[in-house]
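The values are calculated or read from the model by the stated rules, or taken from the named source; none is laboratory data. Nothing here was measured: the structure is a model prediction, and the numbers come from that model. Here the Cβ positions follow ideal geometry from the backbone for every residue, glycine too, while neighbour counts run over all protein chains shown. Only protein heavy atoms, including side chains, enter the accessible area calculation; ligands, DNA and RNA are left aside. Shrake-Rupley method; radii C 1.70, N 1.55, O 1.52, S 1.80 Å.
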Amino acid sequence: YFKHYDSNFFDASSYVLGNSIGMMPQFLMDVIVIGTIIYWMVGLTAAASNFFIFLASLFVFSLVMNQMLSVFAAIAKTKTMMQSMSAGVIFLQLLFCGFLVNPNVIPVYYKFIYWWNPFAWTYRALLVNEFYSEEYSEIDPSTGRTEGENILLSQGFEINGEVFGHEWVGYSFVYLIPYFMLCCSLTAILLTYVRVDSQDFTNGGDDAIEESETHSASEEGIETDSDISIPVKPVTLTFRDICYDVTASKGSAKIRLLDNVNGVFRPKKMTALMGSSGAGKTTLMDVIAMRKSIGTVTGEILVNGFPQEENSFRRVTGYVEQFDVQAPELTVRETIIYSARLRLESNIDNARMVQYVNSVLGSLELTEIEHCLVGNDEEGGLNFEQRKRLSVAIELAASPSIIFLDEPTSGLDARAAANVVKSLRQIAYSGRTIIATIHQPSYTIFEMFDELLLLQKGGQTVFFGELGNQCVNLVDYFESLGAPPIGAGQNPANWMLTVITEEALSCDFIEAFKLSEKYLAMINLIKMCSSEINPDDEIKFPTKFAASWWERQRLTEARFRTIYFRSPAYNWVRLLLSAVIAFILGSMFLSNRNPPIYQETDMSSFFATIFIAFIITGILAINSVLPVMLKLRDSFYRHRAAGMLGPASIALALGAAEKWFIVLSTLVFCLIFLPTAGLIPQEHSIRRVIAFWGFFTFNLAIYSYFGQMFMCMVPSMRIAQILAAVFVGLNNFFSGFIVRPQYLAGLFKFTAWITPGSYVYEGLIVAAFKNDPRKVIATPGSKFYIELGCESDYCEGTVDDYVNYFFGGEYSETKLSTALIIGVLTIFLLTSRIGTGLALKYCNYTST
């Protein structure tokens, strides 16, 4: 919107009104489809007037909720903030809509929420619309009211002692339509007077960490090879007739992306991989670096004359991705030292390793910011150039013999790009082999490279060899083939790409290269490097990983603990939310704590409150863990490709880091909720509290760990959110409150058996209320009243009786049943942990 507003397209009111009207057809279709299915499948009143009122209520409600949440979107600075605000408001609306807590049980100090709540107005209208229909018009002689009025009264839908009348259907529209217009106006006002722009730290910004300008830009100012104390084994990489084929997205045809590519990458040399867009330069680098997980690769790749072996090759290579994302919660030094400890040989002592890390920090001019958090684009941190150099430092920390870089200068200004390439130049002087794809480099940067491998579209070679002083070898070669002479001051890199893509030139550069002396020299060089084999130069390691299993596990768990403790938006906020939600739910019963006798509405409200407690905390847990897990999963893919650790290490570390916050969150919740609500009877209170807390902890752990598993199983956040929504929906409908266990049969009964929420809810109810002797007064005419066999107006049973009635006698407190529930929940937990490990092992959702 702000972009259009700045261009004087329209004002805020036009935008909001147009957006609201534009959404109406979609909402109408959704309501018609979903509302029709629900209405007739549930078996609501078969009358046209009731049906259309039902659809109209849902339609207006959809418009109101969409526009109300748009108000939060207009003022929230970040997506996370908007989601938190929306979740808080929806939680209050669900709690005080009249479904979970009966309206006549809502304390007077929360009544204003009930009367403000669009959920409440809509839910009340739907109930009145249904229970004032002909199907519920039969008069009950014992009460003098219709069957529908009795149902409404038993659920607490009364005002001033009278049941809500049919006129309240109309009142809902009278309230909701102006409410919608108010939200539209408020959104327009906020968009006009509150400017919320996303911050951009791509090239630094006000919040980006600034470095001093004291560093010398010359090569003499960069630390030399003598500062690097870890020995490097030089590696010569040769490849012959490399072909790479993939299956077309449509059909089964094969597409060749690389076609018989040859070349040599040598120590102390910087080789540039270049070509026009789609030529396959990054593809070639990924194939040689063994980063391709799909397609078919043919040809020969030799490392110091020996066949390329995956595990050993990963141990001696570094790969700097174009947009490498690091953990924003860690400092620059912590990020680099983690890479060093997992990738350097185990015989290197800690003091020497730290000395080497210091050398890496100095060589890439990161010493001054080594204790700064990496950060991210949303909250600030390192600027783009600093992150590029950090990515290089992470790979250099492994003391690799070969470093691959995917467009290391993209997104950088001229000075920053020059600094990065000068650092790479110095790294090459230390005996390492540097290979980089590079796009439209300046002349200064291009001249720093020693050799060039140039590809044309179709993945075929048109030049390989040394560039020479001022790129003279490159220029002379193409001019000899009839290319127009390079102009004075013209960048050879740009001139070269123009030449090979110029359609007016009749030269076939691919065939010309095969017939040239450059090609013959390349083949001879490959043969020489492949034939001069020294057994001492073979790259071979006895183990897959440099660090032991225990060391990998220790370091990964320590890293995750640090990330978690420095993630207040994830962990500390959920502790605060646990406390707030616990108090709000518990305070529903402050005015009626531990009464000598309960009403039926009190008990159903207790059951509803426990239901909403474990559902809402579970939803918050699974939704908040997904983005965190996405970052950790993608980070693991990079670490696995670098040969740092395996899936078991991260799966175990994730569980270990998460468990303390799960235990603490549920403990905070129970310590606030149970005493505030007064749920637990005096008899065996300690045992009941411990059992309640135990089942509540099971619930939060299952939601959190299943969220981790879903994110590891699927490629994107959107699909993981769909799986999470299905998981939440199953727990909602089959936990035992919305659809009680005695009403489930056949397939639905089976669904309840495989739903963890049904076991959690049973455990919570049994822990809090089973065998509770406190009294409950039966409402005349209610099903509980009839089940007790009451005949007089006053009739009472026990809390235990009400639990048996409400859940159809399905919940029992025996050692066997409790052990069974705990056993099943433990199986769910183990399933989530094993599933996470297997997904990390067999799924790889990287772009390659």
List the cysteines in the chain whose Cβ has no other cysteine Cβ under 4.7 Å from it. CYS97, CYS183, CYS184, CYS243, CYS372, CYS471, CYS507, CYS529, CYS670, CYS712, CYS843
Can you give the accessible area per residue of segment 731-848, in Å², using a 1.4 Å probe? 49 Å²
Express the relative contact order of the chain as a whole percentage, based on alpha carbon pairs under 8 Å and six or more residues apart in sequence. 12 percent
In square angstrom, what is the accessible area per residue of segment 326-440 with a 1.4 angstrom probe? 29 Å²
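What size of dipole, in debye to the nearest 20, comes out for segment 556-688 about its Cα centre when the only charges are +1 on Lys and Arg C-beta atoms and -1 on Asp and Glu C-beta atoms?
Details: 12 positive and 6 negative charges, 137 e Å.
The dipole of segment 556-688 has a size of about 660 debye.
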Inter-part distance where segment 522-561 and segment 1-71 are each reduced to a Cα centre, Å: 59 Å
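If you build the Cα gyration tensor of segment 270-339 and take the root of 5 times each eigenvalue, what three semi-axes come out, in whole angstrom, biggest first? Please report the intermediate quantities before stating the final value.
Numbers: eigenvalues 141, 67, 28 Å².
Ellipsoid semi-axes (Å, largest first): 27, 18, 12.
Note down the magnitude of the dipole of the chain about its Cα centre, charges +1 on Lys and Arg C-beta and -1 on Asp and Glu C-beta and zero elsewhere, to the nearest 20 debye. Mind dumping the intermediate values first?
On the way: 61 positive and 81 negative charges, 346 e Å.
Dipole size: approximately 1660 debye.
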Could you state, as a whole-number percent, how many of the C-alpha pairs of the chain are farther apart than 34 Å? 63 percent
Given H placed on each backbone N at 1.01 Å, which residues far from VAL235 in sequence or on other chains put an amide H within less than 5 Å of it? THR433
Tell me which residues come under 5 Å, amide H to amide H, from THR146 once H is placed; ignore anything under 5 positions away on its chain. ASP140
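Rounded to the nearest whole Å³, what is the per residue volume of the convex hull around the Cα atoms of segment 543-678?
Numbers: hull volume 14.2 nm³, N = 136.
Here the figure is 105 Å³ per residue.
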Find the accessible area per residue for segment 627-706; the probe is 1.4 Å, ligands and nucleic acids are left out, and the unit is Å². 33 Å²
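Show me 752-758, 530-536 ranked by packing, highest mean number of other Cβ atoms within 10 Å first. Working shown, then result.
Details: 752-758: 19.9, 530-536: 10.6.
By packing density, highest mean first, the sequence is 752-758, 530-536.
At 20 °C and 1.002 mPa s, grab the translational diffusion coefficient of segment 444-552 from Stokes-Einstein with a Kirkwood Rh over Cα pairs, rounded to a whole number in µm² per second. It would help to have the intermediate numbers written out before the result.
Working: Rh = 16.8 Å.
It comes out at roughly 128 µm²/s.
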So how do 391-403, 444-456, 713-725, 686-698 stack up, highest first, on mean other-Cβ count within 10 Å? 391-403, 444-456, 686-698, 713-725
What's the center-to-center distance, using Cα atoms, between segment 323-343 and segment 423-440 in Å? 21 Å
Tally the DSSP beta bridges in the chain and give the antiparallel ones as a percent, rounded to 5. 60 percent
Between segment 786-848 and segment 600-650, how many Å separate their Cα centres? 19 Å
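Counting only protein heavy atoms, what percent of the accessible surface of the chain is carbon or sulfur at a 1.4 Å probe? Please list the in-between numbers first.
On the way: 22820 of 37680 Å².
Carbon plus sulfur share of accessible area: 61 percent.
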Run the helix sum for the chain: -39,500 (n - 2.57) per DSSP H stretch of 4+ residues, divided by residue count, reported at 222 nm to the nearest 500 deg cm²/dmol. -18000 deg cm²/dmol
